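Notes follow the structure.
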Amino acid sequence: MHFYRDTKIGVLGGGQLGRMLIQAAVDYNLHIGVMDPNPEAPCRWLAHDFVVGSLTDYDAVMAFGKDKDVLTIEIENVNADALAALQAEGKRVYPDPATIKMIQDKRSQKQFFESYKIPTAPFVLVESKADVYRHMGRLPMVQKLAKAGYDGRGVQVLRDAEQVEEAFDAPGLLEEFVPFEKEIAVIVARNLSGEVATFPVVEMVFHPVHNLVEYLFAPANISPVLATEADHIARQIVDDLKFVGLLAIEMFVTPDGKILVNEMAPRPHNSGHHTIRANATSQYEQHLRAILDLPLGATYGLSPAAMVNLLGEAGHTGPAIYEGIEQLLATPGVYPHIYGKAETKPHRKMGHVTILDADVNRLEHTVQQVKELVKVVSG
Ligand SMILES: Nc1ncnc2c1ncn2[C@@H]1O[C@H](COP(=O)(O)OP(=O)(O)OP(=O)(O)O)[C@@H](O)[C@H]1O
Ligand SMILES: [Mg+2]
């Protein structure tokens, strides 16, 4: 590998994750091509070449892959059959299309956890709403659609018989409701040579209504024993899958101090944005190292950190204005990342703010300040 743009990397998806991947690729002088259905996607003006196309369309993905050497993803909702065909033609495709396909379906994901004895909440598969009624004895439970669940859509808690009236009428699964103490995540990378590196565990705090990560803390405030267990589980999963690339694994910490795996994403993840500023290697650089079979970077934290998602304000749709950023910059250790989406929409991820502070209590205080100060509105 000569780092002279001799390797053409194709990224399916041109959103903020792709954008931050390009940011890391610049330091390696890599050639990045991007495809996204949105002609105004955040990668539009940053990729070396940008193609408008449907990520789920077989022919569009095939055409995009034709002149690329390495293909990867920044969103898992892509045509995995086309990626498999490109792989059969000799393209390097990471993660493996079969693994992407397995992860696309929450049912096969759960079956994978079950068959490899990865701790996860008990579940049953259902085909329809009528099926849900057959499992009333499992209340309270969480219904998850097999496919197309993104940012909380396709997941709902069914607490009682009344809520079952609102159950989805589609194939999916019913999972035991976990009264979790915390939600944590581990990002793990594995390269083709089998080298594995994990990032320190992070703790996610979700928006109470919209099911999006509102902010996170790194490292998570959990015992070293739990952190080690989470780390081991992440390593076990990538070894079981012979995974190549970056895998983000969301987990629950139960009230009795156990870890259950919730779900995984085979790409850079919202729970790793802070690594750009707060870790020796960012998740984006690590993903590139993994898929190019380079030695993985050191992952240790340089400082305790928090990451606040900047979500579009409710009631605002249109060209985005970021209020409060100038004031925000007056606070030391606070770094905004603006995604370059033309339009804001209610609760759309429009950017994030990373906060570095050795004083963990002040970190929490600054998170609240950021939430009060910065508003993404239309104007
Ligand atoms: N079994 C469960 N018990 C309790 N809460 C759960 C359970 N499963 C999921 N949740 C809650 O719902 C949220 C969304 O679920 P999950 O991560 O499976 O879905 P998703 O829509 O794919 O999420 P994402 O926003 O990461 O794409 C979880 O982060 C958690 O807060
Ligand atoms: Mg999730």
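Rounded to the nearest 500, the helix-only mean residue ellipticity at 222 nm of the chain stands at -7500 deg cm²/dmol, with each DSSP H run of n ≥ 4 adding -39,500 (n - 2.57). The alpha-carbon of K242 sits under 14 angstrom from the alpha-carbons of these aspartates and glutamates, leaving out residues fewer than 8 places away in its chain: D96, E195, D293. Overall form of the range 44-151: prolate. Here a/c, set by the Cα gyration tensor axes a ≥ b ≥ c, is 1.5 or more, and a/b is the larger of a/b and b/c. Straight Cα distances below 22 angstrom link K349 to the lysines K147, K341, K371, K375, with same-chain residues fewer than 8 positions distant left out. Please report the projected area of the chain's Cα convex hull averaged over all directions, in nm². For the chain, averaging the hull's shadow over all directions gives 18.9 nm². Rounded to the nearest 5, the antiparallel percentage of DSSP beta bridges internal to the chain is 80%.
So for the range 304-379, averaging the separation of alpha carbon pairs under 8 Å that are six or more residues apart and normalising by length, what relative contact order in percent results? RCO, the range 304-379: 51 percent.
Pairs of Lys residues in the range 42-130, spaced 8 or more positions apart or belonging to different chains, with C-alpha separations under 26 angstrom: 11 in total.
Within the range 260-357, all pairs of alpha-carbon atoms sorted by distance into 10 Å bins from zero give the percentages 14, 36, 34, 15, 1. For the range 304-379, the C-alpha radius of gyration divided by 2.2 N^0.38 Å, with N the number of residues, is 1.08. Note on the range 296-343: Cα-only Rg and Dmax are 14.6, 44 Å. Result for the chain in a Gaussian network model with C-alpha springs under 10 Å: among T72, T331, T344, the largest mean-square fluctuation is at T331. Taking all Cα pairs closer than 8 Å and separated by 6 or more residues, the relative contact order of the chain comes to 13 percent.
Count neighbours as other Cβ atoms within 10 Å of each site's Cβ, and list the chymotrypsin sites (Phe, Trp or Tyr not before Pro) in the range 1-65 that are DSSP loop with at most 14 such neighbours.
Sites meeting the loop and neighbour criteria: F3, Y4, W45.
Size descriptor for the range 183-334, Kirkwood hydrodynamic radius: 16.5 Å (Cα pairs only, one decimal). By the count of other C-beta atoms within 10 Å, a proxy for reagent exposure, R5, R289 are ordered fewest to most as R5, R289. Loop-resident chymotrypsin sites (Phe, Trp or Tyr not before Pro) (DSSP state other than H, G, I, E or B) in the range 104-166 with no more than 11 further Cβ atoms inside 10 Å of their Cβ: Y150. The GluC sites (Glu not before Pro) found in the range 103-162 that occupy coil by DSSP, while having at most 12 further C-beta atoms within 10 Å, are E127. Take the Cα of Y116, step 7 Å toward its Cβ, do the same at I321, and the gap between the two points is 4.9 nm.
Cut-off 18 Å, label point 7 angstrom out along Cα-to-Cβ of K66: give me the residues of the range 85-109 whose amide nitrogen falls inside. It comes to 85-92, nothing else.
Where a number appears in this text, it was derived from the coordinates with a stated rule and is not lab data. Just so you know, these numbers come straight off a predicted model, no measurement behind them. Cβ coordinates were reconstructed from backbone atoms using ideal geometry, including for glycine residues, and neighbour counts include every protein chain displayed.
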